[in-house]
Amino acid sequence: MRLGLSGGYAGAGMPPDLLDLVQEADRLGYASAWVAEAYGSDAVTVLAWLAAQTERIGLGSGVMQIPARTPAMTAMTAATLDTLSGGRFLLGLGVSGPQVSEGWHGVRFSAPLARTREYVDIVRAALRRETVRYDGDHFTLPLPDGPGKALKLTLHPPRPDLPVYLAAVGPRNLRLAGEVADGWLAVFLSPEHAESHLAHVREGRAMGGRAPGAAMDGFDVVATVPVVVSDDLEAARAALAPYTALYIGGMGSREQNFYNRLARTMGFDEAADTIQDLYLEGRPRDAAAAVPLELVDATALIGPPGRIAERVGRYADAGVTTLSVAPSGRTTEHRVATLRLMADAVGA
């Protein structure tokens, strides 16, 4: 199992800290660092900035939003980042959610799986420097009855087959990730419940023509895992509760919240109801207070160093191939110490 760093979003006061963490992860031999985007900082700019100041670490988008860019633009960006970084870019894609897709990008959140499939097809074809012609239900290149012509990427990327990852939660999206991608970006993954998710990935791998015995060969399961080093488990819970409540309660509507459904698959139905009710009532602090310790403990690494080290192996046993650490702490020094602790724990 490799180590990754989940860098999250850049924001006010965050870029210097993010650079410190990524450079330390680079020195420690972490395999990858991942940068997110929603409706604030974009992933591409931050990744280019990090590429110029690191040497070996892989640099991944976790994720670049599909509704934000045409597939051709994503291929151009991926090829450029891979060239500038010396072949270190990892292309993570995701459909985002209906609120961001329709409210921010003005793109209907309809048929997300079919759109993703076509999107990945076009991105891969462009990166292979094929002359791109595509006649799909959602994308048509070139447009018919107009002056457009089929074009080919002029840039020669270091890796025409650079890895493509999909962020996925539900069964159908997990199957799609297994079928068309090289890796899965997972959040709120409980090792004890991972098999039910990975079964869908394996189904997708089989649909893509992989032999059953080697279905997962070469497929990277990347789990983002918050880490809080503390002798006080309740304090650790409280540190992660606002983040957990945001996703389970506020990341979407009552009818469409993928993370709320995910909590239910782990048996936290009552907590999911309460957290969502409070969050949608405009009471995020109360929603955070309602996050149970058991839910945080199932989806994060919390506690003193010894407890965290003992529990790291759960992820490897569950089939995680890259543990993407989101270090929590009051200062950069605390977060850097967490990165070192995780390097020692995974190494052991």
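The values are calculated or read from the model by the stated rules, or taken from the named source; none is laboratory data. From a predicted model like this one, the values you see are computed outputs, not experimental measurements. All Cβ positions, glycine included, derive from the backbone under ideal geometry; neighbour counts span all protein chains shown.
Where strands (runs of 3 or more DSSP E) fall wholly inside segment 155-273, the ranges with 2 or more residues that are farther than 29 Å from residue 111 by Cβ and modelled with pLDDT of 95 or more are 220-229.
Exactly one residue out of 318, 345, 337 is under 23 Å from residue 242 (Cα atoms) and in contact with a Pro (Cβ under 9 Å, 6 or more places away or on another chain): that is 337. In summary, residue 52 fulfils each of the numbered conditions (1) at pLDDT 95 or above; (2) touching a strand residue (DSSP E or B) at 6+ places or on another chain (Cβ under 8 Å); (3) among the aliphatic types (A, V, I, L, M) with the single exception of condition (2).
Among the conditions (1) in contact with a helix residue (DSSP H, G or I) (Cβ under 7 Å, 6 or more places away or on another chain); (2) closer than 26 Å to residue 96 by Cβ, residue 243 misses just one, which is (1).
In segment 131-151, the qualifying residues are those that are under 29 Å from the mean Cα position of the chain (by Cα) and in a loop (DSSP other than H, G, I, E, B), and the one that is farthest from residue 77 (Cα to Cα) is 137. When residue 279 is tested against (1) more than 20 Å from residue 264 (Cβ to Cβ); (2) not in a loop (DSSP other than H, G, I, E, B), exactly one condition is not met: (1).
Looking across segment 165-177, the residues that are under 13 Å from residue 116 (Cα atoms) and touching a Phe, Trp or Tyr at 6+ places or on another chain (Cβ under 9 Å) come down to 165, 166, 167, 168, 173, 174, 177.
Whether a residue is outside the structural domain of residue 166 (by TED's automatic domain parsing), touching a helix residue (DSSP H, G or I) at 6+ places or on another chain (Cβ under 6 Å) and surrounded by fewer than 17 Cβ atoms within 10 Å (Cβ to Cβ) was assessed, and residue 283 does not pass this test. Against the list (1) touching a helix residue (DSSP H, G or I) at 6+ places or on another chain (Cβ under 8 Å); (2) without any contact (Cβ under 8 Å) to a residue 24 or more places away in the chain, the condition residue 126 fails is (2).
When 92, 136 are checked against the criterion of being in the same structural domain as residue 182 (by TED's automatic domain parsing) and out of contact with any helix residue (DSSP H, G or I) (no Cβ under 7 Å at 6 or more places or on another chain), a single residue qualifies: 92.
Between a first residue in segment 203-214 that is under 16 Å from residue 182 (Cβ atoms) and a second residue that is modelled with pLDDT of 85 or more and β-branched (Val, Ile, Thr), which pairs have beta carbons less than 9 Å apart while being 6 or more apart in sequence or on different chains? The qualifying pairs are 204/180; 208/180.
When segment 86-104 is examined, which residues are found to be crowded, with 20+ Cβ neighbours inside 10 Å and outside any helix (DSSP H, G or I)? Hits for segment 86-104 are 88, 89, 90, 91, 92, 93, 94, 95, 96, 97. Listed by first and then second residue, the pairs linking a residue in segment 270-289 that is touching a residue at least 24 places away in the same chain (Cβ under 8 Å) to a residue that is acidic (Asp, Glu), with Cβ atoms under 9 Å apart and 6 or more places separating them unless they lie on different chains, are 271/294; 278/286; 279/286; 287/277; 287/281.
Filtering 211, 168, 177 for residues that are over 16 Å from the mean Cα position of the chain (by Cα) and not hydroxyl-bearing (Ser, Thr, Tyr) leaves a single hit, 211.
Among the residues making up segment 325-348, those that are surrounded by 21 or more Cβ atoms within 10 Å (Cβ to Cβ) and not in a helix (DSSP H, G or I) are 325, 326, 327.
Only one entry in 291, 296 is assigned to a loop (DSSP other than H, G, I, E, B), hydrophobic (A, V, I, L, M, F, W, C), crowded, with 19+ Cβ neighbours inside 10 Å and not assigned by TED's automatic domain parsing to the domain that holds residue 214, namely 291.
With respect to (1) modelled with pLDDT under 95; (2) of a type outside the set (Val, Ile, Thr); (3) at positive phi, the lone exception for residue 129 is condition (1).
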